Amino acid sequence: MGQSRFNFSDGTTGNFSTSGGLVGLSGGVDWMTGPLVTGVEGTISWANITGRNDDECCGVRNTWLSTFDGRVGYPIGNTLAYIKGGLAVGNVEQTIGDYSATGTNVGWDVGAGLEWSFAKGWFFKLEYDHVDLGNVPCISTVCGPDANTKYEDNRFMIGVGGWVSPFNSYFSSDARLKSDIVTLGHLDNGLAVYRFRYAGSNQVYVGVVAQEVQMVRPDAVTRGEDGYLLVNYDRLGLRMETWEEWVAEQEGRSRPQAAGQTIPASSEMPIQENANGPR
């Protein structure tokens, strides 16, 4: 639902309501920036949103709208809460009596929404947008000289979408998926290296915790299709290993040292329980 009005050189119709429906497509790119998800998104919608003033002399109809937005979100489990805003472009078909004309204008939009990952690679979306196309020009033969149409809209949308992500060099490293976490040592950049198990698995691994990596190297972290965090070990100059692989390399002093790595190679290195757990 929204509102519109005709502005003539000698007055205005006053605001009148608009309503209708729309269907569309959207696409974009997201990436992790610290604890936040940032991204860009574009949409195209085909609409049938109409309205007329009280005495039925004047009416409007919106048939398409495109938006080009930036957005910032915060992941909570497998749900992303976000806000967005940017550029809006759309048309307004203006009717006065038996005459009609169509104008296109550039405006703005702001909104907020939720994306819930319900299966691997798929999400359900709820979103609210406020769209303001400003004053859309109306040709003088229809509306008179210096006339235009003000057009605003409030849109409530639901949708289903999917992710396509190149996660080949990423490993699941979210603290929420790990158990039996023990600190092994620290890198020069402050990152702790842990021994851990994934929930429901008996295999022991050695690696880092994504929430901590976000604070030091946000470029090495992304959000996976299930809403949990992944770490690109290549960017850290590390590799995730099983506990057996790590111990064998420590004992043989053959572990390749990444730049800035200060974890001792000795198998006598003390292992300290991390009482507080990872952040």
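The values are calculated or read from the model by the stated rules, or taken from the named source; none is laboratory data. All of these numbers come straight from a predicted model, not from anything done at the bench. Don't worry about glycine lacking a Cβ; one is built from the backbone with ideal geometry, like all the others, and counts go over all protein chains shown.
Data table
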read-out: Matching residues in the range 239-279 - criterion: being under 30 Å from T79 (Cβ atoms) and at pLDDT 50 or above; value: M240
read-out: Conditions (1) surrounded by fewer than 18 Cβ atoms within 10 Å (Cβ to Cβ); (2) in contact with a helix residue (DSSP H, G or I) (Cβ under 7 Å, 6 or more places away or on another chain): number failed by I96; value: (1)
read-out: D153 vs. criteria over 17 Å from L25 (Cβ atoms), assigned to a strand (DSSP E or B) and within 23 Å of the chain's Cα centre (by Cα); value: yes
read-out: Criterion: in contact with a Gly (Cβ under 6 Å, 6 or more places away or on another chain) and either at pLDDT 85 or above or surrounded by 14 or more Cβ atoms within 10 Å (Cβ to Cβ) (or both) - qualifying residue of L114, L133; value: L133
read-out: Boolean, N91 is among the polar types (S, T, N, Q) and closer than 30 Å to F6 by Cβ; value: yes
read-out: D69 vs. criteria surrounded by 20 or more Cβ atoms within 10 Å (Cβ to Cβ), among the acidic types (D, E) and in contact with a strand residue (DSSP E or B) (Cβ under 9 Å, 6 or more places away or on another chain); value: yes
read-out: Flag for V72 being in contact (Cβ under 8 Å) with a residue 60 or more places away in the chain and either closer than 29 Å to E115 by Cβ or not charged (D, E, K, R) (or both); value: no
read-out: Residues (polar (S, T, N, Q) and crowded, with 19+ Cβ neighbours inside 10 Å) located in the range 202-217; value: Q214
read-out: Residue satisfying condition, being free of Cβ contacts under 8 Å to residues at least 60 places away in the same chain, closer than 30 Å to K125 by Cα, outside the structural domain of T38 (by TED's automatic domain parsing) and surrounded by fewer than 16 Cβ atoms within 10 Å (Cβ to Cβ), within set A220, A199; value: A199
read-out: Residue satisfying all of: in the range 17-36; at pLDDT below 85 and closer than 24 Å to L114 by Cβ; surrounded by the most Cβ atoms within 10 Å (Cβ to Cβ) among these; value: M32
read-out: W108 being free of Cβ contacts under 8 Å to residues at least 40 places away in the same chain, closer than 24 Å to T12 by Cβ and hydrophobic (A, V, I, L, M, F, W, C); value: yes
read-out: Residue count, the range 197-213 (criterion: farther than 14 Å from E245 by Cβ, outside any loop (DSSP other than H, G, I, E, B) and more than 30 Å from the chain's Cα centre (by Cα)); value: 0
read-out: Given (1) modelled with pLDDT of 90 or more; (2) closer than 27 Å to G77 by Cα; (3) of a type outside the set (G, A, S), index of the condition W122 fails; value: (1)
read-out: Extreme residue, surrounded by the most Cβ atoms within 10 Å (Cβ to Cβ), among residues of the range 136-149 that are at pLDDT below 75 and among the β-branched types (V, I, T); value: V142
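A quick yes/no check of all residues on (1) of a type in the set (V, I, T); (2) in the same structural domain as T12 (by TED's automatic domain parsing); (3) over 27 Å from the mean Cα position of the chain (by Cα):
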| site | (1), (2), (3) |
| --- | --- |
| W64 | no, yes, no |
| D69 | no, yes, no |
| I76 | yes, yes, no |
| L80 | no, yes, no |
| A88 | no, yes, no |
| Q94 | no, yes, yes |
| G103 | no, yes, yes |
| V106 | yes, yes, no |
